[in-house]
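No lab work stands behind these numbers, since they all come straight from the coordinates. Bear in mind the structure is a predicted one, so any value in this text is a computation, not a measurement. Every residue, glycine as well, gets a Cβ built from its backbone with ideal geometry; the counts of neighbours run over all protein chains shown.
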Amino acid sequence: MSKLRSVCTTTLSLVLAAASTASAQGTVKVGVLHSLTGTMAISEITVANAAQLAIDEINAAGGVMGRKIVVVKEDGASDWPTFATKAEKLLTQDKVATVFGGWTSASRKSMLPVFEKNGGLLFYPVQFEGNECSPNIIYTGAQPNQQALPALEWALGKGYKKIFLLGSDYVYPRTANLILKKHIAAKKATLSGEEYVALGGTEFSSVINKIKAAKPDVIINTLNGDSNVSFFKQYQAAGYKASTLPVISFSIAEQEAQAIGTGLLNGQYATWNYFQSLPNPANRKFVAAYQKKYGKDAAITDPMAHAYMDVYLWKAAVEKAKSFDPMAVRKAIVGISMDSPLGKITVAPNGSLTQAVYTGISGAGGQFRVVAQSKGVVKPEPYDKLAFPGKTCP
Amino acid sequence: MDFTFISGQLFTGLSVASILLLAALGLALSFGLMRVINMAHGEFLMVGGYLTYLAAQWAGPTLGDAWLWAAFPLAFLGAALLGAVMEFTVIRRLYGRPLDTLLATFGISLILQQAARQLFGSTGVPVTAPAWLGGAWQLGDVTLPFVRLFVIVLAAVVLAGMWWLLNRSRFGMHVRAVNQNREMAAALGVNTRSLDMLVFALGAGIAGVAGVGLALIAPVNPTVGAAYIVNAFLVVVVGGVGSVLGGAVAAVLLGFVTALAEGFTSVSLAQAILLVLVVAFLQWKPRGLIPTKSRALEEA
């Protein structure tokens, strides 16, 4: 009996030893750090799924420089200090080559010092307010000049001269609107009002009455989450519709549109770098692969497309650098260009993307039809020249 | 600041007041009369919202736009049943231990939120008001959406019903008797145990009905209850704990103060102004607008 046990133990330890040698030679670890629980889970789980899909595809095609990618998945739990703790764990204990993650600006700002201290590299997939530029973060979502400002340009081009700014009361809407106000003034358009409602707020009676008194031509909406449901219900009840007073939103993508209900959102606009309906071949392939794995009705959004592409960008940079070292990858990634689901993108020296901007109109099933797009691609500007003069990336 | 804007804000005040009142009326029973600090009260509103969604799903195809009338009894009974179960299993074991009740009900609120997430997903469900509530009444330049008017009428009807029940029915007499002197009422033959359960269930049921109204203008999702709970407590405390009439007056007052503060400053500043005014008011009148004299309250 004891002999049998010792044989088993020996065999087991041999197998384990073989397995661990294999993993040291044939794999590379990366971290995926998103909120899988809590209030942000609804948005972030699908972004983590998109990153996972790209990793699975790369592994199936032979990995990165001959090594299979092993994912260490961590839950930021919609809690900003937890993002910092988990990032620290990924970098120091798991020694991952890079991390894909984050959604809210608060989570990013809490992770930033961890990545700078440990010399790590973070791919951040969501549009944000700019005014930040760390050498340890690849900001692939839209900078303000790749979403907010093109939307303003488009509105002015349509002849909408009186603009009402409505947002949730936190850092992104306040900063985005600070930039927009400078540009509204510079373009000699009129700011007809500006209001902020607490995150999760449900009462828009006063806001709508102020809109009625201000008689704007268009509303630029940076409300986040469920407040959009309340706003559009009450906006419609007050007799407004897209044809009489259009709303351009920066936080409503296909998934949010499905949740709000297309009846409420029909004909309203959103501006992003990506829509599920984009007809390019890379996107068709991405949409088909995602829906095959996560359900045929799964909605696909701009941050998901960015997260999916981020993994391919990292792979390309690793292969160009011939190294998994984060700082070598950061150096090599500049100038890399690819045909992604978003169309043609290139990484600029400041670590953000040169990418196209689309304005879409909401229709059936939460899908958007592109009605306008930027002339070619737009270079990323983390620091708006009017709002933050003199500030540049290090 | 023209006349139209000010009339619009006055209507906003009434509209906000009706929502505050709906959120607070059930709480006026459980917190006001029974002194139970029920942190899960917002979840009864949420349950009412989800039952409204289910009513629209089940009754919509057969009844058409009349599904809304099926939503009221469904939401009332569903929430009341949940309230009765909660009282029987948890609350009744914690009477006279306010801190424990607060923690236990907070735990229940988290459980209910998670349950909603498991059953319906975290995105929330769409509830669209029936078409006959879609229009608006144009009074000069002021637009009065039907759905807002409906919520105002609903709040008034629920208030009147509660007033009648508490002040004109035998049940209400027993409730008031127990509230004034529990031992004496028990000695005179009132079954205080089952009365406690009934009052708590009634408070929950009223919150369920309020949930129907709120679903028409706000989202239905797992965390929506949290958006109302603070304001509901505010109304009950300002009105005077134990007084339904005080709660009604407080809701109207807070509604108008909110609307004027939002109208003349900014929406983000208004909530802060409101809270400062409430704190100042409670310094002046710690027992609220209409204080209730009751032995039960003095002991607490």
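For the reader, a short list of remarks on this structure follows.
- Residue-count net charge about B:PRO222 - beta-carbon cut-off 14 Å; Lys, Arg +1, Asp, Glu -1: -1
- Of B:SER15, B:SER268, B:SER243, the one that fluctuates the most in a GNM where chain B has Cα springs shorter than 10 Å: B:SER268
- Residues whose placed amide H lies under 5 Å from that of A:THR27, excluding near-sequence neighbours: A:LYS68
- Close amide H partners of A:ILE252, meaning residues 5 or more places away or on another chain with modelled amide H under 5 Å apart, do not exist here.
- Angle in degrees between helix A:148-157 and the longest Cα principal axis of chain A, rounded to the nearest 10: 30 degrees
- Between A:LYS95 and A:GLN373, the contour length at 0.36 nm per residue exceeds the alpha carbon distance by 96.0 nm.
- Where chymotrypsin sites (Phe, Trp or Tyr not before Pro) fall in DSSP loop in the stretch B:1-62, at most 16 other Cβ within 10 Å: none
- Principal-axis tilt of helix A:302-321 within chain A, Cα atoms, nearest 10 degrees: 40 degrees
- In terms of distances greater than 24 angstrom between alpha carbons, the cross-link table entries A:LYS293/A:LYS315; A:LYS161/A:LYS212; A:LYS29/A:LYS391 yield A:LYS29/A:LYS391.
- Working note: 222 nm ellipticity from helices only, DSSP H runs with n ≥ 4, each -39,500 (n - 2.57), summed and divided by the residues of the protein assembly as shown, gives -18500 deg cm²/dmol to the nearest 500.
- Local charge for A:GLY26 was computed over the other residues whose Cβ lies under 14 Å away, with Lys and Arg +1 and Asp and Glu -1, and equals +3.
- Spatially proximal aspartates and glutamates relative to A:LYS162 (Cα-Cα < 12 Å; intrachain offsets below 8 disregarded): A:GLU194, A:ASP217
- Treating r as the C-beta distance of A:ASP297 and A:ALA61 and R0 as 30 Å, the FRET efficiency rounds to 0.65.
- Bridging of A:LYS292 to lysines at a Cα separation below 23 Å is possible for A:LYS68, A:LYS73, once same-chain residues fewer than 8 apart are set aside.
- Under the combined filter of DSSP loop state and at most 16 neighbouring Cβ atoms within 10 Å, the stretch A:302-382 retains these trypsin sites (Lys or Arg not before Pro): A:LYS322, A:LYS375.
- Sequence-distant lysines (8 or more away, or on other chains) whose Cα lies within less than 24 Å of A:LYS296: A:LYS285
- Built amide H within the under 5 Å cut-off of A:PHE100, gap 5+: A:GLY31, A:VAL32, A:LEU33, A:PHE123
- Here's the picture: a label point sits 7 Å out from the Cα of A:GLU319 along the beta-carbon direction, and within the stretch A:345-373 nothing has its amide nitrogen under 11 Å of it.
- From phi via Karplus (6.51, -1.76, 1.60), per-residue ³J(HN,Hα) for the stretch A:200-209 in Hz, x at Gly/Pro: x, x, 10, 10, 10, 4, 5, 4, 5, 5
- Farthest toward positive dipole pole in the stretch A:187-249 [+1 Lys/Arg, -1 Asp/Glu at C-beta], among A:GLY239, A:ASN221, A:THR202: A:GLY239
- B:GLU183-B:LEU102 pseudo-label distance in nm [points 7 Å out on the Cα-to-Cβ vector]: 2.7 nm
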